[in-house]
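Taken together, the values in this text are just the output of simple stated rules run on the coordinates, not laboratory data. Every value quoted in this text rests on a predicted model; they were computed, and no experiment measured them. Every residue, glycine among them, receives a Cβ derived from its backbone with ideal geometry; neighbour counts consider all protein chains shown.
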Amino acid sequence: MASSPHVSASDPTGSLVERLSIPPYRGGVLDGLRFTVKDNIDLAGRKTSYGSPAWRDAHAAPQQNALCVDQLLAAGGTCIGKVVADEFTYSLDGESQFFGTPVNARAPERVPGGSSSGSAASVAGGLADFSLGTDSGGSIRVPASLCGLWGMRPSLHRISEAGVLPFMPGVSTVGAAADRFAVLDKAMRVLLRSAPEGDATADGEPAVERLLILEDAFELCDGAVARAAEEALGTICDRAGIVPERVRFADLVGRDMGLADCNAKALRNLQTAEFQNTGGNWIETQKPELGFVFSMAYGNVRAFDRIAALDSLALCERLFEAINAALPQGTVICFPTTPVIAPLKGSLTSLEAVLAFYDPTMAITSFSGVGRLPEITAPLLTVDDAPVGLSFAARHYGDEALLAATRALLQPE
């Protein structure tokens, strides 16, 4: 088994696969800011592991950085390291048999969340100001929520994925987690290729006119998380002078479906079918060593009947259309990012424990996934001394407007 990163004086977060110092190409809006890169995103001359030593050892080092990395270096950012990713990025908990479990600095006895586990840990632990990660089923949003960070999943395909290992192309995005909103805003606007700040087209939409609350998501939450989210929303709405509107998923999409169905009957099938292509073909032909937890999850991928599930692809498209029709310009929808606080390390050892964490979490994260929406998680909630995020989402390609709306609603420092 490959050697694992570990907690040390030089890396108290246990997040680094490799410490680096890649200087910026030139100055820019990210001057003085340090960032890390998830280990499914290429850095020139360095092997990309995909969270799997077997994948790393079987593939040559790339000749070029991923385009998103070059964007950050060209805007003044300094890359200080490559960080741990969950195995094949197919996890939301952040525990890796091969690379260890990065430290959740805000709740050290608990998991950091995944699959951008090293990204969240490196920022929460103070090594970096922000980190470049990826998100399909919540892989930026979940660790940002559980580690008390700002995080953003942008609109699908809004950011170039050239040089990012393929995972679930109908769902996956490049995004970022940061310690402060101002840093997230700068990094995301670079990646989004946004108009310069102050330009009349920079945000492109009116201020928040309607704030929707996704009722189903609150009902999936632990009681303490739901209560903390309601209290935070009350404060936000009072300050902004907005009367929120409570909506249900079924009403948004005009179908007799709950939010859990968005994942179980639609998005999960698309994700599984795509991973059979992007990762499954290689796994089946190369027979690599697999971690125990991943091998259990991969059993479902191997047994999946992609032909029987083809109708799910059409359902995803209909849900995308309906969700975005319900989110016109000036509308933001809010819900807890995760339904629970981070599980204790080593606690996800039974099927019951795994399902109790994954099923409600993926039900909530599937909303922006199937809607291809930009979503920002804000570190606003604390339950049992552990952080939980509150999410805000907007229509597809409303990324800059969502950044502006988040600033207006939350007034972050």
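Do you know which of the residues in segment 348-375 that are in contact (Cβ under 8 Å) with a residue 60 or more places away in the chain and outside any helix (DSSP H, G or I) is nearest to G234 (Cα to Cα)? The qualifying residue nearest to G234 (Cα to Cα) is E375. Considered as a group, the residues in segment 75-103 that are among the polar types (S, T, N, Q) and part of a strand (DSSP E or B) include one that is nearest to M168 (Cα to Cα), and that residue is S96. Can you find a residue in segment 150-162 that is crowded, with 24+ Cβ neighbours inside 10 Å, in contact (Cβ under 8 Å) with a residue 40 or more places away in the chain and closer than 22 Å to K47 by Cα? No, there is no match, as no residue in segment 150-162 is crowded, with 24+ Cβ neighbours inside 10 Å, in contact (Cβ under 8 Å) with a residue 40 or more places away in the chain and closer than 22 Å to K47 by Cα. From the list R255, R306, R302, R227, the one residue that fits, being without any contact (Cβ under 8 Å) to a residue 60 or more places away in the chain, assigned to a loop (DSSP other than H, G, I, E, B) and of a type in the set (K, R), is R306.
Here Q97 meets each of (1) surrounded by fewer than 23 Cβ atoms within 10 Å (Cβ to Cβ); (2) more than 18 Å from L191 (Cα to Cα); (3) under 20 Å from the mean Cα position of the chain (by Cα) with one exception, condition (3).
For every residue, the table says whether it meets (1) under 16 Å from the mean Cα position of the chain (by Cα); (2) closer than 27 Å to A405 by Cβ.
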{"position": "A308", "(1), (2)": "no, no"}
{"position": "L313", "(1), (2)": "no, no"}
{"position": "E321", "(1), (2)": "no, yes"}
{"position": "I333", "(1), (2)": "no, yes"}
{"position": "L344", "(1), (2)": "no, no"}
{"position": "T349", "(1), (2)": "no, no"}
{"position": "I364", "(1), (2)": "yes, yes"}
{"position": "T377", "(1), (2)": "yes, yes"}
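Within segment 376-406, being β-branched (V, I, T) and either free of Cβ contacts under 8 Å to residues at least 60 places away in the same chain or out of contact with any Phe, Trp or Tyr (no Cβ under 9 Å at 6 or more places or on another chain) (or both) holds for T382, V383, V388.
On the basis of being surrounded by fewer than 20 Cβ atoms within 10 Å (Cβ to Cβ), in contact (Cβ under 8 Å) with a residue 40 or more places away in the chain and not in a helix (DSSP H, G or I), does V7 make the cut? In short, yes. Please go through segment 272-299 and pick out each residue that is touching a residue at least 12 places away in the same chain (Cβ under 8 Å) and not in a helix (DSSP H, G or I). Answer for segment 272-299, where residues must be touching a residue at least 12 places away in the same chain (Cβ under 8 Å) and not in a helix (DSSP H, G or I): P288, E289, L290, G291.
Could we say that A61 is touching a Ser or Thr at 6+ places or on another chain (Cβ under 9 Å), crowded, with 19+ Cβ neighbours inside 10 Å and not polar (S, T, N, Q) here? In short, no.
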